[in-house]
Amino acid sequence: MKITMVLGSPREDSISTKMAERFAEGAAENGHEVVTYKINEMEVLGCQACGCCRKYDTDCVLEDDMEGYFEDLRDSEVLVVTSPNYYSQIVGPMITFMNRHYCLMDKDKNPRLEDTKKVYGFFAQGAPEGFERYMPNYEWYMSMFTTKNMELGKMLICGGNSDVDAFLEEAYQAGKAL
Ligand SMILES: Cc1cc2nc3c(=O)[nH]c(=O)nc-3n(C[C@H](O)[C@H](O)[C@H](O)COP(=O)(O)O)c2cc1C
């Protein structure tokens with residue numbers, strides 16, 4: 001199967017990226033193909049509210065570095081999204097990226113993806129593991145995908161006091177289980 005990953009951290013030593021990489025390693029061991037987008041290295045426009053997707057029943061028509069993404073997503077059975085927590089929230093560029101999924105709902109608010117995909121979210125924060133105040137923010141973010149014919153595979157939130165290796169192992173096992 002094919003897996004599309006969209007990485008949100010700008011950091012070389014990013015924990016959320018490492019979780020995705022371990023997930024990909026586990027998946028690759030079973031012969032799965034992985035396509036990776038690094039949001040910090042891309043030009044991703046905000047939704048222009050042009051309405052083309054709803055009017056013409058099409059994926060997003062904007063011409064930027066997300067060209068090719070929706071095709072990859074459609075070919076994939078799994079989407080992985082990652083983000084650092086910045087100011088209590090998902091990092092800005094990953095919210096801009098998520099906004100572009102407006103095109104995956106038709107004008108009657110039905111999902112346009114025919115095949116159900118699995119979506120995984122890997123997040124890292126400075127606050128301790130299980131910090132309750134942030135949970136609704138991660139859940140909201142994932143819900144923007146699960147309302148578009150994607151099922152939640154797993155959400156991992158590595159805290160500032162977490163055993164990072166244990167999180168990396170959990171991500172690896174999740175990838176290997178595909
Ligand atoms: C601009 C900025 C804002 C941050 N705000 C928060 C925050 O509000 N809460 C928090 O728990 N951690 C915060 N952090 C810490 C990061 O979430 C933490 O370093 C995390 O590991 C980053 O993810 P990464 O390792 O995948 O890059 C912030 C870091 C930066 C650079």
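Which value, in debye to the nearest 20, describes the size of the charge dipole of the chain about its Cα centre when Lys and Arg Cβ atoms bear +1, Asp and Glu Cβ atoms bear -1, and nothing else is charged?
It works out to roughly 580 debye.
Can you tell me the length gained on complete extension of the stretch GLU41 to GLU151, counting 0.36 nm per residue apart and subtracting the Cα distance?
Full-extension gain reported as 36.8 nm.
Using a 7 Å offset from Cα along Cα-Cβ at CYS52, what residues in the range 67-111 end up with backbone N under 12 Å from the label point?
In the range 67-111, the label zone of CYS52 (backbone N under 12 Å from the point 7 Å along Cα→Cβ) covers 67.
Which residues does the label zone of GLU77 cover in the range 118-149, counting backbone N under 15 Å from a point 7 Å along Cα→Cβ?
Counting backbone N atoms under 15 Å from the label point, the list is 118-120.
Kindly state, to the nearest 0.05, the FRET efficiency for ASP65 paired with ALA177, given R0 = 35 Å and r defined as their beta-carbon distance.
The value I calculate is 0.70.
Taking LYS109 as the anchor, which aspartates and glutamates have their alpha carbon closer than 16 Å to its alpha carbon, excluding any fewer than eight residues away along the same chain?
Output for LYS109: ASP57, ASP59.
For LYS55, go through the aspartates and glutamates and keep the ones whose alpha-carbon is under 20 Å away, minus same-chain ones fewer than eight residues off.
GLU63, GLU67, GLU71, ASP106, ASP108, GLU114
Run down the lysines and flag those whose C-alpha is under 19 Å from the C-alpha of LYS118, throwing out any fewer than 8 positions away in its chain.
Result set, ordered by chain and number: LYS2, LYS148, LYS154, LYS176.
The numbers here are math on the coordinates, done by the rules we state, and not lab data. Please read all numbers here as calculations on a predicted model, not as lab measurements. When we count neighbours, we look across all protein chains shown, and the Cβ atoms used for this are built from the backbone with ideal geometry, even at glycine.
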